[in-house]
């Protein structure tokens, strides 16, 4: 009987893990489609989904979610901004940001898990860390294509105010949800 219970628990956990990962992929896809089409990098809600995943997923689930999303996009499913897809996205102006998404969510989730952080301030600091990672990776790649100053002016400056607003709303919403969560 104990063996059967263990199998059912394992299968239930596996199904739950799949639901969490696929839910994150759907979130990334949906957030990618809400955009202000700037060139060379659009403003999207991707960063909100990246930060949400980093603040709520385990490091492993965060990594699995982003790698699956990137893999689906590379395979030709239109999951990137503007329903984009294909391997060409991994040589265009946004590839640094895509790499930054993976690194930032993994690091955010790792820090959050290790230190058991749940306050507004810790969430805001983790969002700041995640954003710096995304911008750094994005600008490093973008500067190879359009130069350092253009990369900063086109790849960071237009995103500062929207990023602060999105992070503030996200952190506030998480605090409200945590307050009403059953204990």
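The values are calculated or read from the model by the stated rules, or taken from the named source; none is laboratory data. Only a predicted model underlies this, so the values are computations on that prediction, with no experimental measurement involved. Cβ placement follows ideal geometry from the backbone for every residue including glycine, while neighbour counts extend to all protein chains displayed.
Here are the numbers:
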read-out	value
Some residue of region 160-173 being touching a residue at least 24 places away in the same chain (Cβ under 8 Å), in contact with a strand residue (DSSP E or B) (Cβ under 7 Å, 6 or more places away or on another chain) and either in a helix (DSSP H, G or I) or surrounded by fewer than 20 Cβ atoms within 10 Å (Cβ to Cβ) (or both)	yes
Number of positions in region 125-157 that are surrounded by fewer than 19 Cβ atoms within 10 Å (Cβ to Cβ), part of a helix (DSSP H, G or I) and either within 19 Å of the chain's Cα centre (by Cα) or at pLDDT below 90 (or both)	6
Every residue from region 113-123 that is surrounded by fewer than 16 Cβ atoms within 10 Å (Cβ to Cβ) and in a helix (DSSP H, G or I)	113, 114, 115, 120, 121
